[in-house]
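Accompanying notes for the structure given below.
The values are calculated or read from the model by the stated rules, or taken from the named source; none is laboratory data. Just so it is clear, the structure is predicted and the values come from calculations on it, not from any experiment. Cβ atoms come from the backbone with ideal geometry, glycine included; neighbour counts cover every protein chain shown. To get the accessible areas, we keep the full protein, side chains included, count just its heavy atoms, and leave off ligands, DNA and RNA. Shrake-Rupley method; radii C 1.70, N 1.55, O 1.52, S 1.80 Å.
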Amino acid sequence: MGRFLGFVFTLTLLFCMAQGKVLFYDFVVKETPIKMLCETNRSVLTVNGLFPGPEIRAHKGDIIYVNVTNIGPYGVTIHWHGVRQIRYPWSDGPENITQCPIPTNSSFLQKIILTEEEGTLWWHAHSDWTRATVHGPIIILPVNDTNYPYKFDEQHTIVIAEWYARDTKAIIDDALASGGDPDLSVAYTINGQPGDSYPCSNGSAYNITVVQGKTYLFKIIHSGMNEEMFFGIAKHNLTVVGMDGAYLKPLKTNYLMITPGQTMDVLVTANQTPGRYYMEFSPFTDTDAPSNNNVTRGIFQYNGSYNHSETPVLPELPGFTNKSDAGNFTIQLRSLNSKEHPSTVPTKITRNITIAVSVNQQPCPANQTCTGPQGAMHSASLNNISFWAPSISILQAYYNNLQGVYNKTFPDTPPFVFDYTGNVSALGEAANVSTEVLMINYNEEVEIRFQGTNFGAAENHPMHLHGYSFYVVGMGDGNFSDSYVSQYNTVDPPYVNTVGLPKNGWTAIRFKADNPGVWFMHCHLERHASWGMDTVLVVGDGKEKHQKVLPPPKDMPPCSVS
Ligand SMILES: [Cu+2]
């Protein structure tokens, strides 16, 4: 008996070691006066009074408890972007998908279960447009702190965001009521600073002082709302070594293109003449839709003796509308696929889904004036369904077998076939507004082919899936064709949680449905998500006990109060 207990104890100890540490964080969501541009201290929603918000730092396999207390003026939810949350969708966060908002003056203890994730992820609000200012990094270090597949001397986190001139909840509430375009952001920021190209900056900008010969690891998080960005540092090469919490084969480049929702780990060696060099983010605007055409700059400056007041050198980035440079960067990304970090790309696909991704219009309701295109209302859809979030959580309805909250009828193919990326002007642009989910069996090997369409203002759509990372096995311009399957990369495709679907192009992704639960899938351009470019994957339980969704915590925010 004693020997048996000892054996159990040893097993438990091993299990705990494999599971890593348990960490605790306190997040208080509250309005905080922030000085930005020429404004004086306008209050915005923050976590712990910080913009960007506090960094979570953990090791692979840790479990993190975050006690989220909301003392802001309205209900909020927080999402841990890129964390798979195996069997535990209860803490995933999207409003009315996996939980109802945390009401004002209450708390929700969220549990973040790290498993395979290693690298850079982030957290953000997932209700209304609150994530504009409620976001921050999740840095996941290798188990023993030193076991990186690359070398560097120092690491720094860079959070890119978009700043709006008024309350972002009012912006999206107004836009959805009028059917028109939401306000554009007025600045892009690097770690909370717009930089010296904006009025009232007084020359201040995010800056980093570097030592010649040293190599810096930049953990770049694009938490911006509505624009993809190019990034570069004058005269310096970038080596991309990770993305979305997984390693990549080192990719040498002089610029990168990053979409909202994506993270990239980038090495930069300070190997130029000591001096001052701009690092710059500039928008990639491949659409007729209005966009914020400003840039934001930080400064990469060497220590040592030279004229420190000299104007920094500017990088040469692709032009704002340069679709080919954006695509040429993205298609070069490859997962590391080493012995320690192997790729496991599904090759026996048992479920094949094609999703047409469209920007639509809805007719203006009678007795109303709409400010969308041609007096109509902006809308967006997946397979011609413009997603309508229910008033209670889909996860709670699913787990408790409540009827009438959602339909299990999201189609596996577009409802009708047309020349998706050709001239669509003769086709109607309205989509069906409803709550449809994709039902997927446990352990299916799933392929999803996203097909962009030429409706409305076509553009790149950063498609994001909760609960999973996926392999991007193919991508191209125009309409998808079955003949492309033989050209898929099933050896070392990038393993990501957000992929840019090219404007009027296609992208194919693969994953094994080994995480039961209710998982949101949506465009990470916030205006498209608000217009209905979303759906939900409901992945069923497996037969074994360890293949089922875990029970909910006792303190789930109630769905009746909000
Ligand atoms: Cu989109």
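For the structure I just gave you, tell me whether Y495 is more than 30 Å from L427 (Cα to Cα), away from the ligand (no atom under 16 Å from the Cβ), in contact with a Phe, Trp or Tyr (Cβ under 8 Å, 6 or more places away or on another chain) and open to solvent by less than 10 Å² (accessible area, probe 1.4 Å). Show your work before the answer.
Working: more than 30 Å from L427 (Cα to Cα): yes; away from the ligand (no atom under 16 Å from the Cβ): yes; in contact with a Phe, Trp or Tyr (Cβ under 8 Å, 6 or more places away or on another chain): yes; open to solvent by less than 10 Å² (accessible area, probe 1.4 Å): no.
No.
Which residues, taken from the stretch 21-36, are open to solvent by 30 Å² or more (accessible area, probe 1.4 Å) and either of a type in the set (S, T, N, Q) or not in a strand (DSSP E or B) (or both)?
Let us first name the residues in the stretch 21-36 that are open to solvent by 30 Å² or more (accessible area, probe 1.4 Å), namely 21-26, 28, 30-31, 33, 35.
Matches in the stretch 21-36: K21, K35.
Can you pull out the residues in the stretch 514-533 that are crowded, with 20+ Cβ neighbours inside 10 Å, part of a loop (DSSP other than H, G, I, E, B) and away from the ligand (no atom under 16 Å from the Cβ)?
Correct list: N515, P516.
Kindly indicate whether V268 is open to solvent by less than 10 Å² (accessible area, probe 1.4 Å) and either within 25 Å of C523 (Cβ to Cβ) or in a loop (DSSP other than H, G, I, E, B) (or both).
On the way: open to solvent by less than 10 Å² (accessible area, probe 1.4 Å): yes; either within 25 Å of C523 (Cβ to Cβ) or in a loop (DSSP other than H, G, I, E, B) (or both): no.
No; evaluated as a whole, the condition is false for this residue.
Counting just the residues of the stretch 410-466 that are touching a strand residue (DSSP E or B) at 6+ places or on another chain (Cβ under 8 Å), of a type in the set (F, W, Y) and part of a loop (DSSP other than H, G, I, E, B), which one comes out nearest to the ligand (Cβ to nearest atom)?
It comes out as F455.
Considering only residues that are surrounded by 23 or more Cβ atoms within 10 Å (Cβ to Cβ) and of a type outside the set (S, T, N, Q), look in the stretch 357-384 and name the one that is farthest from L251 (Cα to Cα).
By that ranking, first place goes to M377.
Taking the condition of being more than 20 Å from G304 (Cα to Cα) and outside any strand (DSSP E or B), how many residues in the stretch 206-239 meet it? Outline the logic, then answer.
First pass over the stretch 206-239, keeping only residues more than 20 Å from G304 (Cα to Cα): 217-232, 237-239.
Imposing the further condition that a residue be outside any strand (DSSP E or B) reduces the set to 223-227, 237.
Count: 6.
Can you tell me which residue is most open to solvent (accessible area, probe 1.4 Å) among those in the stretch 116-154 that are among the hydrophobic types (A, V, I, L, M, F, W, C) and assigned to a loop (DSSP other than H, G, I, E, B)? Walk me through it before giving the result.
Here is the first cut: in the stretch 116-154, the ones among the hydrophobic types (A, V, I, L, M, F, W, C) are 121-123, 125, 129, 132, 134, 138-141, 143, 152.
Within this subset, residues satisfying the condition of being assigned to a loop (DSSP other than H, G, I, E, B) are 129, 134, 143, 152.
Working: W129: 1, V134: 1, V143: 105, F152: 52 Å².
Within the stretch 116-154, the match that is most open to solvent (accessible area, probe 1.4 Å) is V143.
Since I353 meets every condition but one in (1) in a loop (DSSP other than H, G, I, E, B); (2) at negative phi, which condition does it not meet?
Of everything listed in (1) in a loop (DSSP other than H, G, I, E, B); (2) at negative phi, I353 misses just condition (1).
What's the number of the condition G275 fails, among (1) out of contact with any Pro (no Cβ under 7 Å at 6 or more places or on another chain); (2) free of Cβ contacts under 8 Å to residues at least 40 places away in the same chain; (3) open to solvent by 20 Å² or more (accessible area, probe 1.4 Å)?
(3)
Each row is one residue, and each column tells you yes or no for (1) modelled with pLDDT under 95; (2) over 27 Å from the mean Cα position of the chain (by Cα); (3) part of a strand (DSSP E or B); (4) crowded, with 23+ Cβ neighbours inside 10 Å.
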position	(1), (2), (3), (4)
V241	no, no, yes, no
K249	no, no, yes, no
K252	no, no, yes, no
P260	no, no, no, yes
E310	yes, yes, no, no
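With (1) part of a strand (DSSP E or B); (2) in contact (Cβ under 8 Å) with a residue 60 or more places away in the chain; (3) within 16 Å of the ligand (Cβ to nearest atom); (4) of a type outside the set (A, V, I, L, M, F, W, C) as the list, and T507 as the residue in question, which single condition is left unmet?
It is condition (2) that T507 fails.
For T350, which of the numbered conditions (1) open to solvent by less than 40 Å² (accessible area, probe 1.4 Å); (2) modelled with pLDDT of 95 or more fails to hold?
Result: T350 fails condition (1) only.
Among the residues of the stretch 534-545, is there at least one that is within 16 Å of the ligand (Cβ to nearest atom), closer than 16 Å to I97 by Cα and either touching a residue at least 40 places away in the same chain (Cβ under 8 Å) or part of a strand (DSSP E or B) (or both)? Working first, answer last.
Narrowing the stretch 534-545 to residues within 16 Å of the ligand (Cβ to nearest atom): 534-535.
Then keep just the ones that are closer than 16 Å to I97 by Cα; that gives 534-535.
Checking which are either touching a residue at least 40 places away in the same chain (Cβ under 8 Å) or part of a strand (DSSP E or B) (or both) leaves us with 534-535.
Scanning the stretch 534-545 turns up at least one residue that is within 16 Å of the ligand (Cβ to nearest atom), closer than 16 Å to I97 by Cα and either touching a residue at least 40 places away in the same chain (Cβ under 8 Å) or part of a strand (DSSP E or B) (or both).
Determine whether the stretch 155-162 contains at least one residue that is open to solvent by 10 Å² or more (accessible area, probe 1.4 Å), outside any loop (DSSP other than H, G, I, E, B), within 30 Å of I233 (Cα to Cα) and of a type in the set (S, T, Y).
Taking the stretch 155-162 and keeping what is open to solvent by 10 Å² or more (accessible area, probe 1.4 Å), we get 155-157.
Now restrict to residues that are outside any loop (DSSP other than H, G, I, E, B): 155-157.
When the remaining residues are screened for being within 30 Å of I233 (Cα to Cα), the result is 155-157.
From what is left, the residues that are of a type in the set (S, T, Y) are 157.
Yes, the stretch 155-162 contains a residue that is open to solvent by 10 Å² or more (accessible area, probe 1.4 Å), outside any loop (DSSP other than H, G, I, E, B), within 30 Å of I233 (Cα to Cα) and of a type in the set (S, T, Y).
Does L550 count as part of a loop (DSSP other than H, G, I, E, B) and either aliphatic (A, V, I, L, M) or at positive phi (or both)? Break it down stepwise before answering.
On the way: part of a loop (DSSP other than H, G, I, E, B): yes; either aliphatic (A, V, I, L, M) or at positive phi (or both): yes.
Yes, satisfied.
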